[in-house]
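*Asks:* I have a structure I would like to understand better, so I am pasting it below and will then ask my questions one at a time.
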Amino acid sequence: MDEMVECTIIHPVASFDTDEPEHWQESILCRGDSRKTFDALGDKMDRVLILENDQTWKGVLSRALSRNLSLHFWSAGRNLSERLQKEIFEVIILDIQPDQLAGNDFLKQVKSKAAVTPIIVTSETGEAELVVKAIRDGAFDFVPKPYTAEKIKLTVAHALENRSMRNEIDYLRREQDIIYDWNRIVSNSPNMKKVISTIKKLANTDSTILMTGETGTGKSFLSGTIHFNSHRRQKPFIKVNCANIPETLLESELFGHERGAFTDANKMRVGRFEQASGGTVFLDEIGELSMPLQAKLLRVLEERSFERLGGNQTIYSDIRIIAATNRNVEAMVSRGTLREDLYYRINVIRVHLPPLRERPQCFDQIAEYLLAKNCRNIKKQIKGFSPGALQMLRQYSWPGNIRELSNTIERAVLMEESDIIGEESISLPQPIPRQAVSSDVTAPRTSDLKENERDLILDALEKCLWIQKDAADLLGISPRALNYKIQKFAISHHRWRKNR
């Protein structure tokens with residue numbers, strides 16, 4: 001038997017805006033109707049405002065929607081403006097007479113008071129011109145009469161889904177603003193205060209920025225902070241790690257390609273520079289670019305133009321470029337591995353991020369933040385560090401900087417069984433020789449890894465939770481070089497899909 005659900009019918013007598021006495025209402029019992037579409041929307045009783053004068057169609061709507069939705073009927077619009085300002089409805093169903101539809105004044109008034117609420121317009125006419133006008137004036141959908149209960153259910157379900165997606169997007173945008181808030185950056189040390197002061201001045205410019213510093217110092221995060229605090233914040237922010245993408249694919253990744261440009265190019269692909277139009281592209285590990293790609297990047301920096309791979313149409317893209325590297329760029333220019341003209345173009349504004357060991361005033365706050373973050377991700381309740389554990393963390397040199405600290409704390413959270421991180425849960429590797437993590441690395445340094453090379457690689461992989469890129473950063477070699485070493489020593493791990 002269908003469930004009996006109470007809904008409210010509100011009887012008005014006046015126009016859209018009036019100071020007449022308040023409406024009166026009565027409760028009736030509406031026979032429910034099961035519908036899987038609404039079952040998937042959750043247990044929340046969404047509020048639907050229905051502006052319909054015809055009693056027959058009121059009954060159709062009640063039978064179709066009342067099981068899962070809170071229905072509020074409004075026949076003629078008395079004091080509607082005030083109510084829409086005070087109350088929130090997830091969907092509005094608005095019936096408009098054919099002679100009123102041409103003007104759509106009533107629809108515009110409702111939309112002005114409930115701008116974010118999907119409005120479903122129903123009418124006895126379905127003329128294409130009037131339907132298009134209703135959609136253009138803000139209607140979410142148009143349902144001509146006569147309609148079935150199934151049709152109105154599906155339309156309302158789509159409207160609710162649309163409203164939910166809009167809310168989620170708004171939430172994510174707010175979260176994004178919070179994530180990249182200046183106030184969330186830990187900058188207690190003098191050198192980091194200077195860095196933050198500099199990038200705040202740069203945020204609203206379009207100048208190219210070069211970020212340097214050891215691996216794991218936060219170059220990617222700060223590039224996002226610059227973008228989301230600039231006038232480009234509503235446009236895309238796209239990150240490209242030049243070391244993680246094989247050279248044969250990197251050109252297509254950046255510039256895109258036309259159909260048939262190479263084997264398996266079955267369709268045209270838009271590249272990252274084109275996708276980011278109006279926004280910012282962050283090129284991480286720019287020192288890994290080959291000389292031909294450096295020449296193409298130079299043109300992008302100078303002219304903001306390029307062609308897709310296999311194409312001859314010039315594409316213009318208004319983008320800001322932030323580049324980053326952990327290498328000594330001046331040394332690369334001297335050796336000829338970085339074009340001098342490209343160096344001058346990317347080095348317009350230089351921001352150097354200090355390593356974690358040179359930011360002792362920031363350490364405790366960063367460690368506490370990373371602990372809280374990892375506890376949320378792993379769903380464990382841990383209050384903090386024991387004095388001994390915190391002292392161990394402070395004394396270590398952290399060649400992998402914040403990324404290495406985060407991995408170490410994540411492992412400690414996984415291992416700890418009490419509500420305080422103890423010394424026994426802190427696992428620190430043997431110090432890697434400083435020459436192996438130099439910022440001036442241009443090729444695999446086999447001389448640094450001659451003795452116990454396999455053990456050093458295994459130690460780095462274990463410390464970095466077997467993430468090859470992080471291990472390569474820690475060893476001070478490129479991911480390609482580490483890939484070669486892993487194959488050379490037949491190193492494998494069950495987490496890898498294949499032994500690269």
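The values are calculated or read from the model by the stated rules, or taken from the named source; none is laboratory data. Computed from a predicted structure; not experimentally measured. Backbone-built Cβ (ideal geometry, glycine too); neighbour counts: all protein chains shown.
*Asks:* Just for region 224-253: of the residues that are in a helix (DSSP H, G or I), touching a residue at least 40 places away in the same chain (Cβ under 8 Å) and among the aliphatic types (A, V, I, L, M), which one is surrounded by the fewest Cβ atoms within 10 Å (Cβ to Cβ)?
*Replies:* Result: 250.
*Asks:* Could you check, for region 269-276, whether at least one of its residues is in a loop (DSSP other than H, G, I, E, B), in the same structural domain as residue 347 (by TED's automatic domain parsing), farther than 27 Å from residue 339 by Cβ and touching a residue at least 12 places away in the same chain (Cβ under 8 Å)?
*Replies:* No, because not a single residue in region 269-276 is in a loop (DSSP other than H, G, I, E, B), in the same structural domain as residue 347 (by TED's automatic domain parsing), farther than 27 Å from residue 339 by Cβ and touching a residue at least 12 places away in the same chain (Cβ under 8 Å).
*Asks:* Follow-up question, since we're still on this one. Could you tell me which numbered condition residue 69 fails, if it satisfies all but one of (1) surrounded by fewer than 19 Cβ atoms within 10 Å (Cβ to Cβ); (2) modelled with pLDDT of 80 or more?
*Replies:* It is condition (1) that residue 69 fails.
*Asks:* Where residues in region 282-334 are touching a residue at least 60 places away in the same chain (Cβ under 8 Å) and basic (Lys, Arg), which of them is nearest to residue 254 (Cα to Cα)?
*Replies:* Going through the qualifying residues, I end up with 320.
*Asks:* Just the residues that are in a helix (DSSP H, G or I), touching a residue at least 40 places away in the same chain (Cβ under 8 Å) and not small (Gly, Ala, Ser), please, taken from region 201-220.
*Replies:* 202, 219
*Asks:* If you don't mind, another one. Kindly indicate whether residue 42 is part of a loop (DSSP other than H, G, I, E, B), of a type in the set (Gly, Ala, Ser) and modelled with pLDDT of 60 or more.
*Replies:* no
*Asks:* Does residue 152 count as crowded, with 17+ Cβ neighbours inside 10 Å and either out of contact with any strand residue (DSSP E or B) (no Cβ under 6 Å at 6 or more places or on another chain) or modelled with pLDDT of 95 or more (or both)?
*Replies:* yes
*Asks:* Something else about it: Need pairs with beta-carbon distance below 6 Å; first residue under 23 Å from residue 241 (Cβ atoms) and within region 451-476, second of a type in the set (Val, Ile, Thr) and not in a loop (DSSP other than H, G, I, E, B); sequence gap 6+ or separate chains.
*Replies:* 476/437
*Asks:* Just to be sure before I move on: is residue 63 at pLDDT 70 or above, on the phi < 0 side of the Ramachandran plot and either within 44 Å of the chain's Cα centre (by Cα) or not in a helix (DSSP H, G or I) (or both) in the structure I sent?
*Replies:* yes
*Asks:* Of all residues in region 108-130, which are surrounded by 12 or more Cβ atoms within 10 Å (Cβ to Cβ), under 29 Å from residue 167 (Cα atoms), at pLDDT below 85 and of a type in the set (A, V, I, L, M, F, W, C)?
*Replies:* Passing the criteria: only 114.
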